[in-house]
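The values are calculated or read from the model by the stated rules, or taken from the named source; none is laboratory data. Please read these numbers as outputs of a predicted model, since none were measured by experiment. Virtual Cβ from ideal backbone geometry, glycine too; neighbours counted across all protein chains shown.
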Amino acid sequence: MDTALLTENAVALLPEIVLSAGVMVLMIVDILRREQNGASSLAGLSIAILLLGIGASLFIWSRPPTEYMEGAVSDGFALSVRLVVLIAGVLGVLLSRNYLPAIERQGGAFYSLQLLAVIGMMLMGTATNLIVLFIALEIFSLALYILSGFYRESPRSIEAAMKYFLLGAFASTFFVYGAALLYGAGGSAHYARIHEALSAGAGNPSLVLPGIALLLVGFGFKVSLVPFHMWTPDVYQGAPTPVTAFMSVGTKAAAFAGFFRLMMTALPSYQSQWALPLAILAVLTMTVGNLTALRQSSVKRMLAYSSVAHAGYILIALVAGSASASSAALFYLFTYAFMNVGAFAVIIAFEKRGGNENDVEQSELAGIADSSPALAAAMAVFMLSLSGIPPLAGFFGKFMVFKAAVEAGWAWLVVVGVLNSAVSAYYYLRIVVAMYFQQAEEDGEAQKPGALPAARSPQFVVAVAAIAVVVIGLQPGLWVDLMRGLGQ
């Protein structure tokens, strides 16, 4: 291979190369420290590796789009996805420190799996080939299956991992079959060639719509679209909370990135046929997610169904199918990373140190503004932002997505989205009301959230996420320009 081409490919893949080398270093360090309790230092090393990945992404930020390996591209869209995923990775590792004895015992395996999941998620945003897309999907999926069951002392965690694995494997078969049909339709696995063949009337167009339908099952499972969302509450509730926090953001960013690039690069000529079904799915996802969240008493399950609803909001951007819509979706995911991980960090801060199998119930948050005013204030910021209250980041995330959809002629879909946002405000504000306007139960048990010792890492993540939500909301234009859509 030509040396210049090899160098160009290496630079385009620099973030993935940095993390891959970091995984190997992490495993070697784990072996060398096997006899010692080095989980905390492994967490610090993992954070350093992820920060190097962010630095590598910023280093190549201004470079022109570069295609490599005949199946991936490093462009503004891919770099924006990398940034979101890497931020979620850093926050997830911080939340994992000192959370479970299992992580302390097997820190090398845990943090290596988290980094591998980040690598797979980043590759999803770069893929321009069905084979690369599937490989990236399976890299992060297999890592998350294991991480979900890492709390092996908890039957609920094992059950969550098994459900996630079995349903995920089933969804992957649909994905592979759909990719095969799309390959048969366009005569190639490369997105651009599929588009060229179908636009020219070549290939087998009759396979396109069945292929899209089957691919939608695979993508729908990963991002929790209705009716492929049934695994979400059980896995979110059963998995270790730091894994849930990381998975809730990283999986959505990666899967939506792959979904956007596939539909808008390989199948734009069929947009008139796939847009309406996706719009119907968006309506179902928003509505079912929000209405079901209203009935939840567990905070984790409420956030799980909330994430289902947010998948519906992001799907509105794909229905719009424009470059500005893809940029809006990335900005939404960027803000969602801080809002959602921050909310889970508050939950962790009130969980029993060393791992708490029991959920934090909404009733247990009553009156914590008196005992933990800073954490209560941060949780209020996250809840208000998730519901879309200005001038916080969540408002501008929804505003950008809705604006792109209106410009594309989907005003009725935006109306449904706004109505669903109003519904979601009820269960988000219910948390705020409980914290500030309800009396805490007079119970001296150590399990009471307000009385539990909070680790430093969750508190740090809470502070960083809360500041980010406020700062992004006060200066949205700066961050909107940072998130570059397809073709920008």
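Within this structure, G450 passes the test of being within 15 Å of V360 (Cα to Cα) and either modelled with pLDDT under 55 or buried (at least 21 other Cβ atoms within 10 Å of the Cβ) (or both). Of the residues making up the stretch 144-160, those that are crowded, with 22+ Cβ neighbours inside 10 Å and of a type in the set (A, V, I, L, M) are L144, L147, A160. Of all residues assigned to the stretch 206-223, at least one qualifies as being in contact with a Leu (Cβ under 8 Å, 6 or more places away or on another chain) and of a type in the set (D, E, K, R).
Only one entry of L315, L225 meets the criterion of being surrounded by 24 or more Cβ atoms within 10 Å (Cβ to Cβ), outside any helix (DSSP H, G or I) and not basic (K, R), and that entry is L225. Checking each residue in the stretch 261-297 for being outside any helix (DSSP H, G or I), crowded, with 17+ Cβ neighbours inside 10 Å and not aliphatic (A, V, I, L, M) picks out only Q296. A single member of P373, P391 is touching a helix residue (DSSP H, G or I) at 6+ places or on another chain (Cβ under 6 Å), more than 21 Å from T285 (Cα to Cα), surrounded by fewer than 22 Cβ atoms within 10 Å (Cβ to Cβ) and modelled with pLDDT under 90, and it is P391. Looking at the stretch 323-418, the helices (runs of 4 or more DSSP H) lying wholly inside it that each contain 2 or more residues that are in contact (Cβ under 8 Å) with a residue 12 or more places away in the chain and farther than 27 Å from G76 by Cα sit at 323-350, 368-371, 373-387. The condition of being hydrophobic (A, V, I, L, M, F, W, C), farther than 22 Å from K222 by Cβ, surrounded by 23 or more Cβ atoms within 10 Å (Cβ to Cβ) and at pLDDT below 90 holds for only one of L58, L100, that being L100. One residue alone among S326, S306, S322 is among the hydroxyl-bearing types (S, T, Y) and closer than 18 Å to V432 by Cβ, and that residue is S306.
None of T287, T241 is hydroxyl-bearing (S, T, Y) and modelled with pLDDT of 90 or more except T287.
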